[in-house]
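Each remark here refers to the structure printed beneath this line.
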Amino acid sequence: MIDFINVSKVYGNGVKALSNINIHIDKGEFVFIVGSSGAGKSTLIKLLLKEEDPTDGKIYLNDMDITKVKNRRIPYIRRNIGVVFQDFRLLKNKTVYENVAFAMEIIGSSSKEIRRQVPMMLSMVGLSNKAHSYPDQLSGGEQQRVSIARALVNRPTVLIADEPTGNLDPDTAWEIMRLLKEINRRGTTVLMATHARDIVNAMRRRVIALEKGRVVRDELKGVYDYEV
Amino acid sequence: MIDFINVSKVYGNGVKALSNINIHIDKGEFVFIVGSSGAGKSTLIKLLLKEEDPTDGKIYLNDMDITKVKNRRIPYIRRNIGVVFQDFRLLKNKTVYENVAFAMEIIGSSSKEIRRQVPMMLSMVGLSNKAHSYPDQLSGGEQQRVSIARALVNRPTVLIADEPTGNLDPDTAWEIMRLLKEINRRGTTVLMATHARDIVNAMRRRVIALEKGRVVRDELKGVYDYEV
Amino acid sequence: MKFRLFKNIIKQGFVGMWRNRMMSLASIGSVMSVLIILGIILVIVLNINNLTGMAKEQFDEIQVYLEDGINEEQIENIGEKLRELDGVLAVIYQSKEQALEIFKKEWGDKAYLFEGLEKNPLPNSYIIQLKDIKYTEDVVNRINGLTGIEDIRYYKDIVEKMMAISNFVRAGGLAVISILILVSIFIISNTVKLTVAARRREISIMKYIGATNGYIRGPFILEGIFLGAIGSILAILIVSFGYKYLFLVVNERLYVLFTVYMIPYYEILDDIIIMFTAIGIGIGVLGSIISLRKFLRV
Amino acid sequence: MKFRLFKNIIKQGFVGMWRNRMMSLASIGSVMSVLIILGIILVIVLNINNLTGMAKEQFDEIQVYLEDGINEEQIENIGEKLRELDGVLAVIYQSKEQALEIFKKEWGDKAYLFEGLEKNPLPNSYIIQLKDIKYTEDVVNRINGLTGIEDIRYYKDIVEKMMAISNFVRAGGLAVISILILVSIFIISNTVKLTVAARRREISIMKYIGATNGYIRGPFILEGIFLGAIGSILAILIVSFGYKYLFLVVNERLYVLFTVYMIPYYEILDDIIIMFTAIGIGIGVLGSIISLRKFLRV
Ligand SMILES: Nc1ncnc2c1ncn2[C@@H]1O[C@H](COP(=O)(O)OP(=O)(O)OP(=O)(O)O)[C@@H](O)[C@H]1O
Ligand SMILES: Nc1ncnc2c1ncn2[C@@H]1O[C@H](COP(=O)(O)OP(=O)(O)OP(=O)(O)O)[C@@H](O)[C@H]1O
Ligand SMILES: [Mg+2]
Ligand SMILES: [Mg+2]
């Protein structure tokens, strides 16, 4: 499903964010990516989304080499992936409802589908009563949940989440995790970068640990670290 | 030092973010503000900074009623407070060094002071090697640490931090906490909104818990919640 | 599905324009301002051009003085030959008596000064009207070959000077208008560029969640069209009413001297409408496309 | 400490301009474009005005024809009285012989036509040069009261029409220039507004960490001044070199007809430099201040 083969990334200013990464993720897996601040987690995700191009190596998504994909095709690749961004990336001049609906509009869903699907997603992340607020009028955690709802609304085959619980209290965080588990159970591959030691340790899923841009650990049923 | 007296805040769109808050914080205290997503933590902080005005009630800071302060005086109030914002609020077109130095420039510090103080702060948050990067070139956690360095560089009498560890891995988070503890030990009042249960429970400081805009718990040497 | 996408794009164009009210106003204002300036210059150039054209018409005559000794038949003969020349529109005979009448009329109440003349000193003449002033030289050369001609009076110097002025005004006007159109595209594309820059984050977010370039570009281009169209409609109204007012005022106050020389407002209206609409919308579309290019590469 | 703050503000003005290169270019471009347009109109208006002024000078004469029967002394007498009138600059005597000479000269090689005249039909006359054309009516009325005058010829109609044209051009030019200045302030303040809007977040962050309004405003206003100044320098160069070129071309190609009527470029330069610099910088400062007002309320 997802393959990183000898992937390296050096940013324009010379920062080596990733060196020689090799990862294979199967369809339906649930993978945590952990590592200290600046280890390269977000960079790994940006490569998958073609927000950045790797300096070296190949990345396969659904058996397609996305490092070679033409610019015109990029949007169609992104549509298969639901993403929760670390900095949320909500459209400021659209309401919560419109932000989520927009993800459906761009793939040409019918307004009937949109009217059914969006409220359902919003209630799943506990934001039904904020549907008509603008992002500026939301708390940090609420914005993060809008971002989650938008990532899930098109039922993507892959869900990528960059610290989706960073701004959430433990209770809300666990609710979101239940949602992701459920989605994963139904067949969606989930890739989640996180610092939430409690969650990683409790879930007992595959853990890939990065350190200074290298994979230092990759275990099934892993834990956040060995200091626990 | 800080007093909230019967403070309520209703946002323009009718959301009741805070109702009848009464809090007294002494000079030199270290206070955690906890509560689920949307409980009103950030709103409380925004009131202290005069980013929002309370709908009702009075707020005293250093024995001054800041609800009555003239617009022209607001900057001088803010200079006594160091703030770590939940959304970082770094200046995009300034480097890390310049962002931190800017906080000193506006209060008219000498360039000698600036040249001594800024590198020291950056090394304390572990960002010496990123001094000349722009915020866009930083990871989420690195941005958060720049925000912390900027808040501390002027040695404010009050430090307000809105989830300063939300984007940090546990190790880095603990380092930051050690920094805050040290600053508090030297006499700075610290007010920190957080979801980090581990940290709150380990530190054993005063905890104020909000729920739907009300203070539901206020204990010295408290814990994050009773479910632990 | 295609239709639904299209509907969405149109809706977003409108919504975008409304939500960014201030910037929309700025863009409309810029299109309008530039078109108004263009209109002012256009009106000036068209009128100067028109004036020159009219002046030119008054000098497209050649007067051919005939020798005093020739008879009626010879006169007729010369007239025939003149009529056959290339570029000649009409030939009118003016006898020496008619010439004296006109001469006296020109002197008005001082005409008595010429009562004492022994004999009419003025010659018979033909007045040739040319199809166009450019035939002057040719016609004069041919007439020089005829017999019975005493003198040819034509306005060669004046003609040449008028031609030079006319060309000069036309070229100058064209240059000024070209510069103005470039300037306006520059201003508008800057405005749109800033508008787009202010929405750079929005655009990049759209791209990150899988919107195609066409989908993103659509509403912006539509917005550009709307803004350009509204700007040009306003400019059309202001320029045409302004010119109409000016025309009427001039007509009233300075009627003797001016009216005939000013192009009537109804004649200029069509040109302005077509030109402004085309330029306004063109600028809007061009501005949007140019400004978007950079930001779509995400 | 005050000095340090000031140094910081200046530094930030420069740095801000450089870091927002694209937008700075846009602003400079707008100031420049508007000033160029203003320059074009200014040159047109000044020249038309100048032309009218010159034409006016040529018509500030009154010709007074004297009766044929009066003697030398009476003629002298009338001359004295004319010289004493208010508004009269100079009085020149033209005898009937001189008049005939001039008359013949005007007819050039057709002058022989008048050889057959029994006696000189032209009268003696005085030519009065007025200090200003506005005295015409007054002077004419006074002359009518004198004896020995046969006729007064003056260009009342033409004078009045010329005055009307002159006033019209002056008023029109003023109106066009006023509109243009308003339009330019509008365009620039929009540009600056958009620049500021794009930095809205930056401004609000500065406010949140305790910067005073003055500290924030300083660099933006300085930036506005720089942008305006650069824009006006460019415009001054383009307009003055453009006009110089035009003047020289006209001078070469159309020298007989035009040169005298065009204001020499060196006479216009000072005005343009002072005017453009003032307007450019004024627009920059005004635009910055207007645009900042809204965003400083945080
Ligand atoms: N656009 C960029 N240009 C240059 N360097 C960058 C850029 N983006 C990230 N980096 C650097 O690359 C390294 C990895 O960054 P990345 O965002 O992948 O970290 P991360 O693991 O997501 O960290 P965090 O947990 O703090 O979000 C960091 O050192 C960062 O400073
Ligand atoms: N500008 C605003 N306009 C309207 N409502 C707002 C605004 N800002 C916040 N709110 C609402 O006020 C409530 C409290 O928000 P606040 O940001 O204080 O929560 P919080 O405790 O900081 O939450 P989090 O932990 O998710 O950051 C929320 O319901 C939020 O939607
Ligand atoms: Mg990251
Ligand atoms: Mg908050």
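The values are calculated or read from the model by the stated rules, or taken from the named source; none is laboratory data. All values reported here derive from a predicted model rather than from experimental measurement. Backbone-built Cβ (ideal geometry, glycine too); neighbour counts: all protein chains shown.
Among the residues of region A:27-38, which ones are under 13 Å from A:Ile208 (Cβ atoms) and away from every other protein chain (no Cβ under 12 Å)? Once the filter is applied, which keeps residues that are under 13 Å from A:Ile208 (Cβ atoms) and away from every other protein chain (no Cβ under 12 Å), region A:27-38 yields A:Glu29, A:Phe30, A:Val31, A:Phe32.
With the structure loaded, tell me whether A:Gly108 is part of a strand (DSSP E or B) and surrounded by fewer than 22 Cβ atoms within 10 Å (Cβ to Cβ) or whether it fails that test. Against the criterion (part of a strand (DSSP E or B) and surrounded by fewer than 22 Cβ atoms within 10 Å (Cβ to Cβ)), A:Gly108 does not qualify.
Counting just the residues of region A:39-57 that are away from ligand 3 (no atom under 16 Å from the Cβ) and under 16 Å from A:Ile74 (Cα atoms), which one comes out farthest from the other protein chains (Cβ to nearest Cβ)? Among them, the one singled out is A:Pro54. If only residues of region B:67-95 that are under 19 Å from B:Ser133 (Cβ atoms), at pLDDT 90 or above and not hydrophobic (A, V, I, L, M, F, W, C) are counted, the one that is nearest to ligand 3 (Cβ to nearest atom) is B:Arg89.
Going by what's in this entry, would B:Asp63 be described as free of Cβ contacts under 8 Å to residues at least 40 places away in the same chain, of a type outside the set (Val, Ile, Thr) and within 16 Å of ligand 3 (Cβ to nearest atom)?
Numbers: free of Cβ contacts under 8 Å to residues at least 40 places away in the same chain: yes; of a type outside the set (Val, Ile, Thr): yes; within 16 Å of ligand 3 (Cβ to nearest atom): no.
Taking the combined requirement at face value, the residue does not satisfy it.
Among the conditions (1) buried (at least 19 other Cβ atoms within 10 Å of the Cβ); (2) within 16 Å of ligand 4 (Cβ to nearest atom); (3) within 28 Å of A:Ile45 (Cβ to Cβ), the only one that B:Val83 does not satisfy is (3). When B:Ser110 is tested against the conditions (1) within 16 Å of ligand 3 (Cβ to nearest atom); (2) out of contact with any Leu (no Cβ under 9 Å at 6 or more places or on another chain), the lone failure is (1). Annotation: B:Arg116 fulfils all but one of (1) outside any helix (DSSP H, G or I); (2) surrounded by fewer than 14 Cβ atoms within 10 Å (Cβ to Cβ); the unmet one is (1). Restricting attention to region A:202-225, the residues being more than 16 Å from ligand 1 (Cβ to nearest atom) and more than 19 Å from the chain's Cα centre (by Cα) number 6. For residues that are outside any helix (DSSP H, G or I), under 20 Å from the mean Cα position of the chain (by Cα) and within 16 Å of ligand 4 (Cβ to nearest atom), scanning just region A:123-146, find the one that is surrounded by the fewest Cβ atoms within 10 Å (Cβ to Cβ). Of everything passing the filter in region A:123-146, A:Gly126 is surrounded by the fewest Cβ atoms within 10 Å (Cβ to Cβ). Of the listed requirements (1) surrounded by 19 or more Cβ atoms within 10 Å (Cβ to Cβ); (2) modelled with pLDDT of 75 or more, D:Ser30 misses just one: (2). Residues in region B:165-191 that are within 16 Å of ligand 2 (Cβ to nearest atom) and among the hydroxyl-bearing types (Ser, Thr, Tyr): B:Thr165 only. A:Pro54 meets all of the listed conditions (1) at negative phi; (2) of a type outside the set (Val, Ile, Thr); (3) out of contact with any Lys or Arg (no Cβ under 8 Å at 6 or more places or on another chain) but one, namely (3). Of all residues in region A:27-55, those that are within 7 Å of ligand 1 (Cβ to nearest atom) and in a strand (DSSP E or B) total 0. Which of the residues that make up region B:156-177 are over 21 Å from B:Leu220 (Cβ atoms) and either touching an Asp or Glu at 6+ places or on another chain (Cβ under 9 Å) or without any contact (Cβ under 8 Å) to a residue 40 or more places away in the chain (or both)? Within region B:156-177, B:Asp162, B:Thr165, B:Gly166, B:Asn167, B:Leu168, B:Asp169, B:Pro170, B:Asp171, B:Ala173, B:Trp174 meet the criteria.
Please verify whether B:Lys68 is part of a loop (DSSP other than H, G, I, E, B), over 17 Å from B:Asn6 (Cα atoms) and more than 15 Å from ligand 2 (Cβ to nearest atom), treating the condition exactly as stated. Walk me through how you get there before you give the answer.
Values: part of a loop (DSSP other than H, G, I, E, B): yes; over 17 Å from B:Asn6 (Cα atoms): no; more than 15 Å from ligand 2 (Cβ to nearest atom): yes.
For B:Lys68, the condition - part of a loop (DSSP other than H, G, I, E, B), over 17 Å from B:Asn6 (Cα atoms) and more than 15 Å from ligand 2 (Cβ to nearest atom) - is not met.
The C-beta contact set for region B:136-150 (first residue away from chain A (no Cβ under 11 Å), second residue among the aliphatic types (A, V, I, L, M) and within 16 Å of ligand 4 (Cβ to nearest atom), distance under 6 angstrom, 6+ apart or interchain) comprises B:Ser147/B:Val84; B:Ile148/B:Val84. Residues that are facing another protein chain (nearest Cβ under 7 Å) and small (Gly, Ala, Ser) were ranked within region A:69-122; the one that is farthest from the chain's Cα centre (by Cα) is A:Ser110.
Could you say whether any residue in region A:8-17 is within 30 Å of A:Glu182 (Cβ to Cβ), at pLDDT below 95 and surrounded by 15 or more Cβ atoms within 10 Å (Cβ to Cβ)?
Going through region A:8-17, the residues within 30 Å of A:Glu182 (Cβ to Cβ) turn out to be none.
No, the conditions are met nowhere in region A:8-17.
Of all positions in region A:98-112, none carries a residue that is among the acidic types (Asp, Glu) and either in contact (Cβ under 8 Å) with a residue 12 or more places away in the chain or within 16 Å of ligand 4 (Cβ to nearest atom) (or both).
For region A:152-186, residues that are part of a helix (DSSP H, G or I) and within 16 Å of ligand 3 (Cβ to nearest atom) total 0. For region A:171-228, the set of residues classified as within 14 Å of chain B (Cβ to nearest Cβ) and among the hydroxyl-bearing types (Ser, Thr, Tyr) consists of A:Thr172, A:Thr194, A:Tyr224, A:Tyr226, listed by residue number. Among the residues here, C:Ile177 qualifies as at pLDDT below 70 and within 14 Å of chain D (Cβ to nearest Cβ). When the criteria are applied in full, D:Ile203 meets the requirement of being surrounded by 16 or more Cβ atoms within 10 Å (Cβ to Cβ), within 14 Å of chain B (Cβ to nearest Cβ) and at pLDDT 80 or above.
State whether the residues of region A:61-68 include one that is away from chain C (no Cβ under 14 Å) and under 17 Å from the mean Cα position of the chain (by Cα). Taking every residue of region A:61-68 in turn, at least one turns out to be away from chain C (no Cβ under 14 Å) and under 17 Å from the mean Cα position of the chain (by Cα).
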